[in-house]
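Step one of this worksheet: look at the structure below.
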Amino acid sequence: MAAKEIKVLINGSVKKVEEGGVLVDGAGNTMNKIIQSVEQAASIMSEISAASQEQSSGIESVSRSIGEMDEMTQQNAALVEQAAASAESMHEQTLSLSKAVSMFKLGVTPDLRTIDITRTDEQTIVDLVPIRI
């Protein structure tokens, strides 16, 4: 009887070892799936990092361009201001010259012309017109 009991115990142990082997195989498969998932997550994070660096570089480039445009706009505004001041000065000089010249009486010649100045809110219009005496 002892031999039968030993045989039963051995068969039970073999069965438990086989079941344990199946469980170990299942655990191995699960571990492989976990490793694959971690590798996929790492790959995705690497892609996100590369895209973030690209985006950061693009934003930096846009920021530089906006700064350059702002600088040019300020320079243009200064030039416009200078041009307006020059136009106003020329207008005043033209009026002064026109007053100075108006004191003189000149004979009419076909080629003689004078300056007719018209001031509007937006601009000064200067035309050459024949002198009428």
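Taking interchain pairs and intrachain pairs at least six residues apart, which have beta carbon atoms under 7 angstrom, with the first residue in the range 23-46 and touching a residue at least 40 places away in the same chain (Cβ under 8 Å) and the second in a helix (DSSP H, G or I) and surrounded by 10 or more Cβ atoms within 10 Å (Cβ to Cβ)?
Cβ pairs passing all conditions: none.
From the list GLY20, GLY107, which residue is in a loop (DSSP other than H, G, I, E, B) and either at pLDDT below 95 or out of contact with any helix residue (DSSP H, G or I) (no Cβ under 6 Å at 6 or more places or on another chain) (or both)? Let's see the steps before the verdict.
Working: GLY20 fails: in a loop (DSSP other than H, G, I, E, B).
From the options GLY20, GLY107, the qualifying one is GLY107.
Quick check on my filter: what residues within the range 1-17 are of a type outside the set (A, V, I, L, M, F, W, C) and surrounded by fewer than 10 Cβ atoms within 10 Å (Cβ to Cβ)? Break it down stepwise before answering.
So in the range 1-17, the residues of a type outside the set (A, V, I, L, M, F, W, C) come out as 4-5, 7, 11-13, 15-16.
Once the filter is applied, which keeps residues that are of a type outside the set (A, V, I, L, M, F, W, C) and surrounded by fewer than 10 Cβ atoms within 10 Å (Cβ to Cβ), the range 1-17 yields LYS4, GLU5.
The values are calculated or read from the model by the stated rules, or taken from the named source; none is laboratory data. Quick caveat, the model's predicted, so the values are computed rather than measured. Using ideal geometry, Cβ is built from the backbone for each residue, glycine included, and neighbour counts are taken over all protein chains shown.
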